[in-house]
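Asks: Here it is: the structure, laid out below.
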Amino acid sequence: MSANLTAFAYLVSAVLFILALRGLSSPETSRRGNIMGMIGMLIAVVVTVIRPDVVSYEWIIAGLVIGGGIGTATALRIQMTAMPQLVAAFHSLVGLAAVLVAAAAYYNPEAYGIVDAGGDLLVASRIEMGIGVVIGAITFTGSIVAFTKLQGLVSGNPVTFPGQHLVNLAIGVAIVALIVWFCFDLDPRIFWAMTVLSLVIGVLIIIPIGGADMPVVVSMLNSYSGWAAAGIGFTLENTALIITGALVGSSGAILSYIMCKAMNRSFFSVILGGFGGEDTSAARGARSDRPVKAGSAEDAAFIMKNAGKVIIVPGYGMAVAQAQHTLREMCDELKAQGVEIRHAIHPVAGRMPGHMNVLLAEANVPYDEVFELEEINSEFQTADVAFVIGANDVTNPAARDDPQSPIFGMPILDVDKAKTVLFVKRSLSPGYAGIDNELFYKDNTMMLFGDAKKMVEDIVKAL
C-alpha cells in the first residue's frame with residue numbers, strides 16, 4: 001500500500017472519528033456516532049496491518065485474537081453498573097501500551113525511522129518519547145487505582161499522609177528534569193527512572209481523591225490516555241494516532257472542566273485531594289435523633305397518580321438495582337393516567353459522565369422527556385412530585401444552603417422545591433461524598449425504604 005494511499009486512509013479514519021464525537025454529543029445521533037467510530041477504527045487497524053513495513057504477522061494476529069476475545073467476552077458480560085470501572089480499566093491498557101511502544105522505539109529506533117544521520121535517536125523523538133512514556137505510565141497506575149476504588153476492592157475514601165503535596169511536587173520536578181536529561185543522554189537508567197517515577201506519581205495523585213470526585217477522575221484519565229496516544233503517535237509518525245489521541249485528550253479535558261464546574265470544584269482542588277472521606281459517625285448519630293417520614297409503595301402510587309407533573313431524578317442506586325426498565329413501566333402507567341413525566345439528569349449523577357442518560361436510553365425512555373440540570377431545575381417548583389430513585393449527593397440541599405458543608409456551592413437538582421419528594425433508598429446512609437443528606441428530613445419528603453427495583457415494581461402494581 002503506497003504512502004499516499006495510507007495517508008488518505010488515515011485521513012478518512014480521522015474524519016470518521018471527528019464525526020463520531022459529533023454524533024455522541026446527542027442521544028438521538030449517538031448510535032450513528034458509535035457506528036462511525038467503529039468504521040474509522042476498522043479502517044485505521046486494517047491500513048496499519050497491511051503497511052509494507054510490517055514484516056511479521058504472527059504477533060499481530062495473536063494480539064488481535066487474544067484482545068478481541070477478551071473484549072468480546074467483557075462486552076457480553078459487563079453490567080451497566082460496572083461501566084465506570086471498565087472505562088478506568090481500559091484507560092490503564094492505553095497507558096501501558098504507550099509505555100511499551102515507547103520502550104520498543106527506544107531500544108530499536110532504526111525500525112521506527114527516528115534516527116539521525118549518525119544513527120542516534122532524534123532529539124525531537126526523545127522529547128516526544130519522554131512525554132509519551134510519562135503520561136502513559138501515569139495513566140496506567142492512576143487508572144488501576146481508580147478501578148480498584150470504583151470496584152470496591154479498596155476504600156473510596158481519600159488516602160493522605162503528611163507532606164504528600166511536597167512529595168508529589170518533588171517527584172514531578174524530578175520527572176521533568178529526567179526528560180530534559182534524556183534529551184542529552186540516552187542512558188537506559190534515565191529512561192527507566194522517569195518511567196518508574198511516573199508510575200509512582202500515577203498512584204499518588206489518585207489515592208487522595210475521594211469517592212465523590214471519581215466521575216471527574218474517570219474523565220481526567222480519559223484525557224490522559226488520549227495525550228499518551230498522541231505522544232506515541234508522534235514517535236511512530238502515525239497521523240491517525242496523533243489525531244485520535246488529540247481528539248480523546250482534548251474532549252476528555254473539556255469534559256473534566258464541565259464536570260468540575262458542575263460540582264463547583266476546580267480541577268486542581270480535585271487533584272490535590274478530593275472530598276469523600278469525611279468522618280460520618282457524627283452524622284449517623286444525628287440521624288438517629290432526627291425524624292423522617294416513611295411511606296409505602298401504595299402511598300407513593302396514590303400521590304403520583306393524583307399529580308399533574310412528576311419529575312423523575314435517577315441516580316446510582318437505580319443503576320445498582322437495574323431498575324430503569326421497571327421505572328419506564330411506572331412512567332408509562334402514569335402517563336396513561338394523564339400525568340406529565342419528565343426526567344432530570346445531573347451532570348455527575350452516577351459514577352461517570354452520561355451514566356444515567358445511557359441507562360434511560362437502554363430502557364427506551366423518550367429523549368424528549370430527559371433534561372439536564374440547567375434545563376429543568378426551575379421546573380421543580382411547579383412539580384407536584386419529585387421522584388428521586390437512588391440519587392443522593394446531587395439532591396442534597398446542604399450544597400445550596402450550608403456554607404460549612406464540604407459540597408457547598410455544588411449545583412444541585414432543586415428537588416426539595418417540589419410539593420412532595422418521594423425518595424427511594426435502602427437506608428439513611430450517606431452518599432458517595434460521605435455526608436448526610438438534609439433532604440431526608442424535609443417536611444415535604446417521604447422516604448421509600450427498600451431496593452429500588454422492588455419498590456418501583458410495587459408502585460406499578462399499586463397503580
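The values are calculated or read from the model by the stated rules, or taken from the named source; none is laboratory data. Since the structure is predicted, the reported quantities are computational estimates derived from the model, not experimental observations. Neighbour counts are summed over all protein chains in view; Cβ atoms, including those assigned to glycine, are modelled from backbone coordinates with ideal geometry.
Asks: Considering every residue within the stretch 344-357, establish whether at least one is polar (S, T, N, Q) and over 26 Å from Val216 (Cβ atoms). Walk me through how you get there before you give the answer.
Replies: In the first step, residues of the stretch 344-357 are kept if they are polar (S, T, N, Q); the result is 357.
When the remaining residues are screened for being over 26 Å from Val216 (Cβ atoms), the result is none.
No: the stretch 344-357 contains no residue that is polar (S, T, N, Q) and over 26 Å from Val216 (Cβ atoms).
Asks: Let me ask you something else. Would you point out which residue out of Phe449, Phe440 is surrounded by fewer than 17 Cβ atoms within 10 Å (Cβ to Cβ), of a type in the set (Phe, Trp, Tyr), in contact (Cβ under 8 Å) with a residue 40 or more places away in the chain and more than 20 Å from Met214 (Cβ to Cβ)? First the steps, then the outcome.
Replies: Numbers: Phe440 fails: surrounded by fewer than 17 Cβ atoms within 10 Å (Cβ to Cβ).
On inspection, the qualifying residue turns out to be Phe449.
Asks: Moving on. Scan Ala137, Ala124 and give me the residue that is surrounded by 24 or more Cβ atoms within 10 Å (Cβ to Cβ), assigned by TED's automatic domain parsing to the domain that holds His91 and either on the phi < 0 side of the Ramachandran plot or touching a strand residue (DSSP E or B) at 6+ places or on another chain (Cβ under 7 Å) (or both).
Replies: On the way: Ala124 fails: surrounded by 24 or more Cβ atoms within 10 Å (Cβ to Cβ).
Matching residue, one of Ala137, Ala124: Ala137.
Asks: I'd like the residue in the stretch 56-101 that is at pLDDT 80 or above and part of a loop (DSSP other than H, G, I, E, B) and, out of all such residues, is surrounded by the fewest Cβ atoms within 10 Å (Cβ to Cβ). Steps first, answer last, please.
Replies: From the stretch 56-101, those at pLDDT 80 or above are 56-78, 85-101; that's our starting set.
With part of a loop (DSSP other than H, G, I, E, B) added as a condition, the list becomes 56-57, 78.
Details: Ser56: 7, Tyr57: 11, Ile78: 12.
That would be Ser56.
Asks: Please find, within the stretch 356-415, the residue that is farthest from Leu428 (Cα to Cα) out of those that are outside any helix (DSSP H, G or I) and of a type in the set (D, E, K, R).
Replies: Kept after step one, since they are outside any helix (DSSP H, G or I), are these residues of the stretch 356-415: 363-366, 370-372, 383-392, 396-397, 402-414.
Next, from what is left, pick out any that are of a type in the set (D, E, K, R): 372, 384, 402, 414.
Values: Glu372: 26, Asp384: 24, Asp402: 19, Asp414: 19 Å.
Across the stretch 356-415, the extreme among qualifying residues is Glu372.
Asks: Additional query: Out of the residues in the stretch 62-116 that are in the same structural domain as Met41 (by TED's automatic domain parsing) and farther than 30 Å from Gly152 by Cβ, state the one that is farthest from the chain's Cα centre (by Cα).
Replies: Ala62
Asks: Let me ask something else. Looking at this structure, is Asp393 touching a Pro at 6+ places or on another chain (Cβ under 6 Å) and more than 16 Å from Ile311 (Cβ to Cβ)?
Replies: Working: touching a Pro at 6+ places or on another chain (Cβ under 6 Å): no; more than 16 Å from Ile311 (Cβ to Cβ): yes.
No; evaluated as a whole, the condition is false for this residue.
Asks: How many residues does the stretch 1-14 contain that are touching a residue at least 12 places away in the same chain (Cβ under 8 Å) and either polar (S, T, N, Q) or closer than 28 Å to Arg31 by Cα (or both)? Step through it out loud before you land on a result.
Replies: Residues of the stretch 1-14 that are touching a residue at least 12 places away in the same chain (Cβ under 8 Å), as a first pass: 1, 6-7, 9-14.
Filter again for either polar (S, T, N, Q) or closer than 28 Å to Arg31 by Cα (or both), leaving 6-7, 9-14.
Number of matching residues: 8.
Asks: In addition: Look through Val115, Val99, Val49 and report the one residue that is touching a residue at least 60 places away in the same chain (Cβ under 8 Å) and more than 30 Å from Gly317 (Cβ to Cβ).
Replies: Details: Val115 fails: touching a residue at least 60 places away in the same chain (Cβ under 8 Å); Val49 fails: touching a residue at least 60 places away in the same chain (Cβ under 8 Å).
Testing whether each residue is touching a residue at least 60 places away in the same chain (Cβ under 8 Å) and more than 30 Å from Gly317 (Cβ to Cβ) leaves just Val99.
Asks: Return the residues of the stretch 190-214 that are crowded, with 24+ Cβ neighbours inside 10 Å and not in a helix (DSSP H, G or I); say none if nothing qualifies.
Replies: Ile209, Gly210
Asks: Still on this model: Are any residues in the stretch 1-27 within 21 Å of the chain's Cα centre (by Cα) and not aliphatic (A, V, I, L, M), and if so, which ones?
Replies: Within the stretch 1-27, Phe17, Arg22, Gly23, Ser25, Ser26, Pro27 meet the criteria.
Asks: Moving on to the next point. Which residue, of Ala307, Ala253, Ala282, is in a helix (DSSP H, G or I), aliphatic (A, V, I, L, M) and either more than 20 Å from the chain's Cα centre (by Cα) or at pLDDT 95 or above (or both)? Step through it out loud before you land on a result.
Replies: Numbers: Ala307 fails: in a helix (DSSP H, G or I); Ala253 fails: either more than 20 Å from the chain's Cα centre (by Cα) or at pLDDT 95 or above (or both).
Residue meeting the stated conditions: Ala282.
Asks: Restricting the stretch 387-399 to residues that are of a type outside the set (A, V, I, L, M, F, W, C) and at pLDDT 90 or above, which is nearest to Met455 (Cα to Cα)?
Replies: Among them, the one singled out is Thr395.
Asks: Then there is this: Pairs please, first residue from the stretch 174-196 and touching a residue at least 12 places away in the same chain (Cβ under 8 Å), second anywhere and in a loop (DSSP other than H, G, I, E, B), Cβ atoms under 8 Å, 6+ apart in sequence or on different chains.
Replies: Going by the 8 Å Cβ cut-off, the qualifying pairs are Leu186/Asp120.
Asks: Quick one: how many residues across the stretch 102-112 are free of Cβ contacts under 8 Å to residues at least 60 places away in the same chain, out of contact with any Leu (no Cβ under 7 Å at 6 or more places or on another chain) and not polar (S, T, N, Q)?
Replies: The first filter runs over the stretch 102-112 and keeps only residues free of Cβ contacts under 8 Å to residues at least 60 places away in the same chain, leaving 104, 107-111.
Of the ones still in play, those that are also out of contact with any Leu (no Cβ under 7 Å at 6 or more places or on another chain) are 104, 107-108, 110-111.
Among the residues that remain, those that are also not polar (S, T, N, Q) are: 104, 107, 110-111.
The qualifying residues number 4.
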